[in-house]
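Please read the structure below before turning to the comments.
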Amino acid sequence: MEYSEKVMEHFVNPHNVGKLEDADGIGEVGNAKCGDIMKMYLKIENDIITDVKFNTYGCASAIATSSIATDMIKGQPLSEALKLTNKAVVEALDGLPAVKIHCSVLAEQAIKAAVKDYYDKNGIEYNKADFEFEDHHH
């Protein structure tokens, strides 16, 4: 299986790994099919993601997509972070092997789950439709 240099780079030295003790939102998602689990921690101030960390147990693709996704949402307003799609993540990594595309969906779901957690904890109204995961498995 061919991984791009970018995937390997993020797999070997993933960014933003760890956990935030005082996270404002935490999202945990998993894919039972391949055993990948991703936990995302967000620090949020005035609707801006000021810090983000993640822990991922999974394959190279799952780790690389979490790493680059956290880079992409750091410093962004929540509305922008919620627009991050797995497609954008895959493009940022210069592509993924087709059988690994499902791993990139985890990062998108983990971000949404963490933002939803933040909204729930703070009683903030949100549009449920923004948090419905499209199932990309056919």
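Taken together, the values in this text are just the output of simple stated rules run on the coordinates, not laboratory data. Note that the structure is a prediction, hence the values are computed from the model and not measured. Using ideal geometry, Cβ is built from the backbone for each residue, glycine included, and neighbour counts are taken over all protein chains shown.
Some notes on this structure:
- Over the chain, dividing the summed -39,500 (n - 2.57) contributions of all DSSP H runs of at least 4 residues by the number of residues returns a 222 nm mean residue ellipticity of -12000 deg cm²/dmol.
- Global form of the stretch 77-138, assessed from the alpha-carbon gyration tensor, a/c cut-off 1.5: prolate
- Three semi-axes describe the equivalent ellipsoid of the chain; taken as square roots of 5 times the Cα gyration tensor eigenvalues and ordered largest first, they are 24, 16, 13 Å.
- Nearest-ten-degree value, helix 60-73 long axis tilted from longest Cα axis of the chain: 40 degrees
- Simple spin-label estimate for Asp130 and Glu91 in nanometres, 7 Å along Cα-Cβ: 2.1 nm
- Karplus-derived 3J(HN,Hα) values for the stretch 19-34, using 6.51 cos²θ - 1.76 cosθ + 1.60 with θ = phi - 60°, are 9, 9, 4, 10, 4, 8, x, 10, x, 10, 9, x, 10, 4, 4, 10 Hz; glycine and proline are entered as x.
- Computed about the Cα centre, the dipole magnitude for the chain is approximately 240 debye when only Lys and Arg (+1) and Asp and Glu (-1) carry charge, each at its Cβ.
- Taking amide hydrogens as placed 1.01 Å from N in the peptide plane, the amide H of Ile49 sits under 5 Å from those of Gly75, Gln76, Leu78, each at least 5 positions away in sequence or on another chain.
- Filtered trypsin sites (Lys or Arg not before Pro), the stretch 1-64: DSSP coil and at most 13 other beta carbons within 10 Å: Lys19, Lys33
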